[in-house]
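What follows is a set of notes on a single structure, which appears directly below.
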Amino acid sequence: EHQVVSRRHPLLDRICDIRKQGCVRFAEIEVGNLTESSVNDLVSDVLNTSSPEHTLGLSKIVHRRTGGNAFFVVRYLQSLVDDGLLTYSLGTLRWGWEEAKIRDSTQATDNVADLLKRKLTSMDEEVRSVLRVASCLGRSFRASSLGSVVQGLYQRDCINSRGALSRRLSTEDDVVQFLELCVEEGLLDRQDDEVGGGGNGYDSRRSSSQSGNEESVDEKASINSGASKSRKYRFAHDQVKQASYSLIPPAEQDFLQLRMGEVLVDTCSLFPGDSIAGEEGSIDIEEDEGDEIELFAAVDLLNRGLNHIPPDDAQRRFQFAALNLRAGQAAMLSSAFGAAAAYLRAGIRLLHGRHWSSEECSYLSVELYSSAAECEYCNAAFDQTEAYAREIIQQPGLSFEDKLRARSVLVDVLGAMDRLPEAIDAALTLLWEMGFKLPSMPSKLVVVKELVKTKLLLKKHPADTLTYLPPMKDEMRIRVMRLLDTTCTYCYLSRPSLLPVLTSRMVRWSIRHGTCRYSPVAFAIYGLILCGVLGDLKGGNDFGLAALGMLDNVPGARVMTARTSFIVYTMVHHWVHPMQDGFRPFLQSYEIGMDSGDIECSFLSIQSHCVFGLYAGRPLEPLEADMRTYYAQMKEYEQELTMASMRPVWQLTLNLMGQSRDPIVFTGDAMDQEKELNAAAESGNIRAEYAVNVLRTWAAFYFGCYDLASELAQKTHDFENYARGHITVCRHAMFQGLVALQMAKMTGMKVHRNRAAQAMKRLRKWTSAGNMNCLSMLYLLEAEKSTLKKSAKDADV
């Protein structure tokens, strides 16, 4: 209903969000307006005529006046009844009308709001008053909330000065009476009714009762009035709400909503009290569902009337800023980051010029700016994130603890922008200032010492007992764990020698000082190290499963689901389970990450989903379509890190489909090989260079360029050091063996036989340890080796 539903309709917003996630394919069906014939069928059916031919003349007028819009048609018929132009005869039991009178007495309208407004202005003042105030509360509202607002407006003497309400609406019972009347008129629906109240339909029975069997307003409203006060109502259509809102003079709309917001704040006791500080130095925002709804409603109303708060009214501005902070943080907990950003911006705007003027304002400003920076990071608005964080960091009077959240989110921004060395150095500096000293480039001896200490401690705490560890209490330790968790990702990608050190510290802290929300990630990475570095596949899998189990038992750990799941299923699970088992968890991790605001891990998960799909033999055409869709989302969210990881895989897929000029050159829709390799060389990003050259090795082998494949295989012989635990390590070992065997066939050189033997030895080791995904790879190499020995019989086996 493009003519009825505005572009800001919640349904359209939700559809837009789902499109961005890319997890659902949409098929749009355009539903146009009704034809004149269809309008006649509708009118004939509504009026229950014996033949559609009897309503042809009336239907032509209706179609001309409404353009065939279904909602307009129903409301237009209702207006004809209200104006006495369409009447029901009890004598003939038929509807009657005069086409000439209807043609002369009505006007065509392009906007149903005009038609509805004419209807509303003809109704009792009490009904109009109820609808005026209700329209400010949103599409749906509680009868009790509306009643409280009405009473509060009377107490604040807003009636005479603004003329918003009738004096017959001084109690909640009065309000309920007229809400029920609005339901009878088809303007409102009761949300708790099993069937809607007919807001979009025309009821001939109600019209026939108007001719002599009407109940009084009081009789209608007295039925279950106590239950009605606890009911929720909603406008029968957005256009009814819009028409009701238009009854308030434009100059008075903002002021009325400001007063309504203040009433809700007072009646619902939404102010946090004498102190705005809650646990962990933030506003206490733990509301039940009802309180949260009231909070959002009140703050929305207040924000619409901010222009009516004098600049020198410091007390009210401070209170409303604190409420916006609570609303923003509550919205972030619900993953509504767009709405949260709007609340936090309003809170910052309310304190304009007074942010750092007093201790109380400084504390509130730190909370507002820190929350806004974290929120905008989830919205991928990195410039705005940095601006909010810098505002705090640049304040000389703030303590280290006050600046900690802002500095931490800047580390996140550097990582998301693929500036990994800078992100690691910034994190290490911050950790050092927190009293947690770590080596920037640890030696092998340091790494071994850390792993030995951790292994000895874990002998007393097997993997199956980790869910019973007590919670971590020290807030500073939790903040250190948060920063270590973030840094681990960047170290895996850019400084792998530091990863075992960070992980070992996190694991030991979790055992000695208790677990926190970041502990599952620590044990998941430890499982990665056991599988990818130490070769303990069973032990690594046990700790990976333990990490997943901790998500339900460690307080607050559910927000780390996307991150933990990504690590376990990308780096650990495949070592002992079929790779296909990761498909569903990757999609779940992607969806959870998008909902919880962990955008980075969400896209890393979906990138792994695409990689595993390619390796498992998923059809290339739908796989490439998914890659294209997900890459567009990564670009929209400015996720440079995951974009860089996706490009080579996507381009390999395109090359295999024949959608590139040269199948062994990675230049096409996804990337430019020369630019990518030059950028990696200039920045010293060896892992990015390997990510391209490993897949080029495979492409060269696929398309018979064995000399190039051999050259690239040698360049990437130590790839395992830069992708510990990843399934690509196993697959690249297979291709190294295939290339070496092919070169041995072509040249007869022993060096190629030795390289093939080394590759087979690694695959045999992993297979013996329980990696079933490597078994088929090993069989393939053994078959190729048999052909090298001129043993066709063995090759067939």
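The values are calculated or read from the model by the stated rules, or taken from the named source; none is laboratory data. Computed from a prediction, not measured in an experiment: that's the story for all the values here. Here the Cβ positions follow ideal geometry from the backbone for every residue, glycine too, while neighbour counts run over all protein chains shown. Quick note on the areas: whole protein, heavy atoms, side chains included, nothing else; ligands and nucleic acids left out. Shrake-Rupley method; radii C 1.70, N 1.55, O 1.52, S 1.80 Å.
Inside region 416-433, can you point out the residues that are of a type outside the set (Gly, Ala, Ser), in a helix (DSSP H, G or I), open to solvent by less than 60 Å² (accessible area, probe 1.4 Å) and at pLDDT below 90?
Once the filter is applied, which keeps residues that are of a type outside the set (Gly, Ala, Ser), in a helix (DSSP H, G or I), open to solvent by less than 60 Å² (accessible area, probe 1.4 Å) and at pLDDT below 90, region 416-433 yields only LEU420.
Select, from LEU264, LEU270, LEU256, the only residue that is modelled with pLDDT of 75 or more, within 21 Å of PHE318 (Cα to Cα), within 31 Å of the chain's Cα centre (by Cα) and buried (at least 18 other Cβ atoms within 10 Å of the Cβ).
LEU264
Filter region 716-759 for residues that are among the small types (Gly, Ala, Ser) and open to solvent by less than 30 Å² (accessible area, probe 1.4 Å) and give the result.
Scanning region 716-759 gives ALA723, GLY725, ALA733, GLY737, ALA740, ALA744, ALA756, ALA759.
Given the criteria within 18 Å of PHE583 (Cα to Cα) and either open to solvent by 30 Å² or more (accessible area, probe 1.4 Å) or free of Cβ contacts under 8 Å to residues at least 24 places away in the same chain (or both), does ARG647 qualify?
Spelling it out, it is not the case that ARG647 is within 18 Å of PHE583 (Cα to Cα) and either open to solvent by 30 Å² or more (accessible area, probe 1.4 Å) or free of Cβ contacts under 8 Å to residues at least 24 places away in the same chain (or both).
Within region 698-747, can you find the residues that are in contact with a Pro (Cβ under 7 Å, 6 or more places away or on another chain) and either at pLDDT 95 or above or among the hydrophobic types (A, V, I, L, M, F, W, C) (or both)?
Once the filter is applied, which keeps residues that are in contact with a Pro (Cβ under 7 Å, 6 or more places away or on another chain) and either at pLDDT 95 or above or among the hydrophobic types (A, V, I, L, M, F, W, C) (or both), region 698-747 yields ALA699, PHE703.
Checking MET594 against (1) more than 29 Å from THR667 (Cβ to Cβ); (2) aliphatic (A, V, I, L, M); (3) surrounded by fewer than 23 Cβ atoms within 10 Å (Cβ to Cβ), only one condition comes out false. Which one?
Tallying (1) more than 29 Å from THR667 (Cβ to Cβ); (2) aliphatic (A, V, I, L, M); (3) surrounded by fewer than 23 Cβ atoms within 10 Å (Cβ to Cβ), MET594 fails exactly one: (3).
Could you list, ordered by first residue, the pairs with Cβ atoms under 7 Å in which the first is in region 616-634 and part of a loop (DSSP other than H, G, I, E, B) and the second is not basic (Lys, Arg), at least 6 apart or interchain?
ALA616/MET579; ALA616/GLN580
Is there any pair linking a residue in region 466-486 that is of a type in the set (Ser, Thr, Tyr) to one that is surrounded by fewer than 18 Cβ atoms within 10 Å (Cβ to Cβ) and assigned to a helix (DSSP H, G or I), with Cβ under 7 Å and at least six apart or on different chains, and which?
Partner pairs satisfying both residue conditions: THR467/GLY549.
Hey, does region 683-692 have a residue that's open to solvent by less than 30 Å² (accessible area, probe 1.4 Å), hydroxyl-bearing (Ser, Thr, Tyr) and modelled with pLDDT under 95?
yes
Mind telling me which of the residues VAL572, VAL611, VAL554 ends up being within 20 Å of SER519 (Cα to Cα), part of a helix (DSSP H, G or I) and either over 19 Å from the mean Cα position of the chain (by Cα) or aliphatic (A, V, I, L, M) (or both)?
VAL572
For residues in region 434-457 being outside any helix (DSSP H, G or I) and without any contact (Cβ under 8 Å) to a residue 12 or more places away in the chain, which is farthest from LEU530 (Cα to Cα)?
GLY435
Restricting to region 356-397, name every residue that is closer than 25 Å to GLY597 by Cβ and over 22 Å from the mean Cα position of the chain (by Cα).
Listed by number, the residues that qualify are TYR363, LEU364, SER365, VAL366, GLU367, ALA387, ALA389, ARG390, GLU391, ILE392, ILE393.
Please go through region 617-638 and give me each residue that is under 24 Å from VAL729 (Cβ atoms) and either polar (S, T, N, Q) or open to solvent by 40 Å² or more (accessible area, probe 1.4 Å) (or both), ordered by number.
Result: GLY617, ARG618, LEU620.
Across region 458-487, what is the number of residues that are open to solvent by 20 Å² or more (accessible area, probe 1.4 Å) and more than 16 Å from ASP542 (Cβ to Cβ)?
Residues that pass the stated criteria total 10.
Pairs only if they're at least six apart or on different chains, beta carbon under 7 angstrom, first in region 282-310 and more than 12 Å from ALA331 (Cα to Cα), second modelled with pLDDT of 75 or more and surrounded by fewer than 18 Cβ atoms within 10 Å (Cβ to Cβ); list them, first residue then second.
Every condition considered, the pairs that remain are ALA297/GLY138; ARG304/ASP254; GLY305/ASP254; ASN307/ASP254; HIS308/ASP254; ILE309/ARG316.
Got a number for residues in region 333-389 being among the charged types (D, E, K, R), open to solvent by 20 Å² or more (accessible area, probe 1.4 Å) and in contact with a helix residue (DSSP H, G or I) (Cβ under 8 Å, 6 or more places away or on another chain)?
Summing the residues that are among the charged types (D, E, K, R), open to solvent by 20 Å² or more (accessible area, probe 1.4 Å) and in contact with a helix residue (DSSP H, G or I) (Cβ under 8 Å, 6 or more places away or on another chain) in region 333-389 gives 6.
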